[in-house]
Amino acid sequence: MRISDIYGTAEYLRKRPYVAKDQLGLLGFSHGAWTIMKAVQVKYQLKLFGVRGAVAYYPYCNPKLDDKINVPLLVLIGEDDDWTPAPLCRELQAALSKVTPVEMIFYPGAHHAFDRSQGITEISGWSVGGGLMKHKIGGNAKAAEDSFKRTREYFARMLGDAAP
């Protein structure tokens, strides 16, 4: 259903006179990034809705299901993320063809939610493979700063004059 929300939002934005209709970008964090991983697959044809690029912060990557990407995508993930494991994104990256428009950045020493300013803490949540487990989340100032810079530069490249 979340991909339907992306379609609806894109259609709404395309009707606004102040929006560059063919220069839309997607940005998602955690579960929202997981939605982006699904939405950028070829079967959803987001390019037809003006989407020119997407950025996913610490998504869940599924190497078996997420390998048909056709919208330019930037993935930013902590190397030490134990909630949405970086090794799955590395596996996906290895499975992608050389022409797939995906960039992945892995931040050493960074956990889930590395872009936050809070310190490292543990919370309970559902895990890969099912079940409730404790996961470390929290900020990494160096990774956050770099990710914000990369996100701005990425959207400037993908969206041209429409980027902030």
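The values are calculated or read from the model by the stated rules, or taken from the named source; none is laboratory data. Quantities reported herein were computed from a predicted structural model and do not represent experimental measurements. Quick reminder, even Gly has a Cβ in these numbers, built from the backbone with ideal geometry, and neighbours come from all protein chains shown. Quick note on the areas: whole protein, heavy atoms, side chains included, nothing else; ligands and nucleic acids left out. Shrake-Rupley method; radii C 1.70, N 1.55, O 1.52, S 1.80 Å.
Some notes on this structure:
- Elements of type strands (runs of 3 or more DSSP E) contained in the range 27-130, each with 2 or more residues being hydroxyl-bearing (S, T, Y) and more than 20 Å from F155 (Cβ to Cβ): 121-126
- The set of residues in the range 21-49 that are more than 11 Å from I6 (Cβ to Cβ) and touching a helix residue (DSSP H, G or I) at 6+ places or on another chain (Cβ under 6 Å) comprises K21, Q23, G25.
- Condition check for P101: without any contact (Cβ under 8 Å) to a residue 24 or more places away in the chain and open to solvent by 20 Å² or more (accessible area, probe 1.4 Å): no
- The set of residues in the range 55-87 that are open to solvent by 40 Å² or more (accessible area, probe 1.4 Å) and of a type in the set (A, V, I, L, M) contains only L65.
- Pairs linking a residue in the range 18-31 that is among the β-branched types (V, I, T) to a residue that is open to solvent by 40 Å² or more (accessible area, probe 1.4 Å), with Cβ atoms under 6 Å and 6 or more positions apart or on different chains, are V19/L13.
- Restricting the range 105-139 to residues that are of a type in the set (K, R) and touching a residue at least 24 places away in the same chain (Cβ under 8 Å) leaves a set whose member that is farthest from A94 (Cα to Cα) is R116.
- Any chance R52 is under 25 Å from K21 (Cβ atoms) and either surrounded by 13 or more Cβ atoms within 10 Å (Cβ to Cβ) or in contact (Cβ under 8 Å) with a residue 12 or more places away in the chain (or both): yes
- All told, A10 falls short of being hydrophobic (A, V, I, L, M, F, W, C), in a loop (DSSP other than H, G, I, E, B) and either open to solvent by less than 70 Å² (accessible area, probe 1.4 Å) or without any contact (Cβ under 8 Å) to a residue 24 or more places away in the chain (or both).
- Among the residues of the range 112-164, the ones that are open to solvent by 80 Å² or more (accessible area, probe 1.4 Å) and at positive phi come to 1 in all.
- Residue match in the range 48-68 (condition: at positive phi, modelled with pLDDT under 95 and not aliphatic (A, V, I, L, M)): yes
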